[in-house]
Amino acid sequence: MEFQGKVVLITGAAQGIGAAVAQAMAQQGAKLALFDVQQQALAQQVDALASNGAQVLGIGVNVTDSTAVNAAVERVEQELGHIDVLVNAAGILRLGSALDCSDADWEQTFNVNVGGVFRMCRAVANRMAPRGRGVIVTVASNASAVPRQHMAAYAASKAASAHFTRCLGLELAVHGIRCNVVSPGSTDTAMQRQLWTSEEHKQAVINGALEQFRLGIPLRRIADAADIADAVIFLASERARHITMHELCVDGGATLGA
């Protein structure tokens, strides 16, 4: 019960990696604040966790809206207590070639994947800093380090969010706040399944494709969301108390440590 009584705020908590982190944190005794723009799915997640005994507050929040973010963070601190951990898991994927990417897709991708991380970190860290403690973990992507075809906006946004988090970690170290990044590879989530039309596509990701300059996955499996949640839990825990500005890649070796 490493997080017994601690307040953990998770964005993108209605599904995928965010939901897996919420479930893992609940098992560790955390008090949960869950943010997501998908309010129906969020309500289902809140009900499921509460039925298992977790103390959980779900708030429909669009992380592109500073006013909404600030108000929701204030509500969390009033209803649950001081935020100990922030996990930035909200993100979107817009597929397409760089030359065909519309202004709207580019701007929305950056507004959520980078702007959302910035707004959440600013709102939460301004409260953590005077207390002299706190942990921030941002979920990025291994695509931030290795180019991928038809994912230019997504990869660029994840690279930006990862580096922002490292820069933030340098600034906040004086306050005892740690900031780290978890970068997943292919993970069995709704976002990943956007890229598949059949189970054959799943195997093709594992095998790799020379024509797409993808090396495949040396460990021969697609990650579960729980695999990523375990990495987030570690970096948020006291076991990682001397780790900050670090990027932990969880991709089965797909980027060969790049």
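The values are calculated or read from the model by the stated rules, or taken from the named source; none is laboratory data. Note that the coordinates shown come from a computational prediction; the quantities given were computed from them, not determined experimentally. Cβ atoms come from the backbone with ideal geometry, glycine included; neighbour counts cover every protein chain shown.
Quick look at the numbers
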| quantity | calculated |
| --- | --- |
| Any hit, region 206-220, residues being in contact with a strand residue (DSSP E or B) (Cβ under 6 Å, 6 or more places away or on another chain), assigned to a loop (DSSP other than H, G, I, E, B) and not basic (Lys, Arg) | yes |
| Residues of region 26-61 satisfying the condition of being within 16 Å of the chain's Cα centre (by Cα), assigned to a loop (DSSP other than H, G, I, E, B) and buried (at least 18 other Cβ atoms within 10 Å of the Cβ) | Val37, Val61 |
| Test: residue in region 67-74 that is within 15 Å of the chain's Cα centre (by Cα) and either on the phi < 0 side of the Ramachandran plot or outside any helix (DSSP H, G or I) (or both) | no |
| From the options Gly96, Gly115, residue that is in contact (Cβ under 8 Å) with a residue 12 or more places away in the chain and out of contact with any helix residue (DSSP H, G or I) (no Cβ under 8 Å at 6 or more places or on another chain) | Gly115 |
| Residue within region 90-101 that is assigned to a helix (DSSP H, G or I) and closer than 17 Å to Ile59 by Cα present | no |
| Any hit, region 17-25, residues being crowded, with 24+ Cβ neighbours inside 10 Å, among the aliphatic types (A, V, I, L, M) and in a strand (DSSP E or B) | no |
| Residue pairs meeting the criteria (Cβ under 9 Å; at least 6 apart or on separate chains; first within 15 Å of Ala89 (Cβ to Cβ) and at pLDDT 95 or above, in region 229-240; second surrounded by 22 or more Cβ atoms within 10 Å (Cβ to Cβ) and among the aromatic types (Phe, Trp, Tyr)) | Ile233/Phe3; Ala236/Phe3 |
| Residue count for region 140-154, restricted to those that are closer than 18 Å to Gly12 by Cα and part of a helix (DSSP H, G or I) | 1 |
| Residue count, region 232-251 (criterion: assigned to a loop (DSSP other than H, G, I, E, B) and closer than 19 Å to Thr187 by Cα) | 1 |
| Flag if Thr67 is hydroxyl-bearing (Ser, Thr, Tyr) and crowded, with 22+ Cβ neighbours inside 10 Å | no |
| Residues that are hydrophobic (A, V, I, L, M, F, W, C) and more than 21 Å from Gln44 (Cβ to Cβ), drawn from region 69-100 | Val69, Ala71, Val73, Ile83, Val85, Leu86, Leu93, Leu95, Ala98, Leu99 |
| Criterion (assigned to a helix (DSSP H, G or I), β-branched (Val, Ile, Thr), closer than 20 Å to Val174 by Cα and at pLDDT 95 or above) met by exactly one of Val124, Val137, Val112 | Val124 |
| Tally of residues being polar (S, T, N, Q) and over 22 Å from Arg127 (Cβ atoms) across region 36-77 | 7 |
| For Ala14: the one exception among (1) surrounded by fewer than 24 Cβ atoms within 10 Å (Cβ to Cβ); (2) not in a strand (DSSP E or B) | (1) |
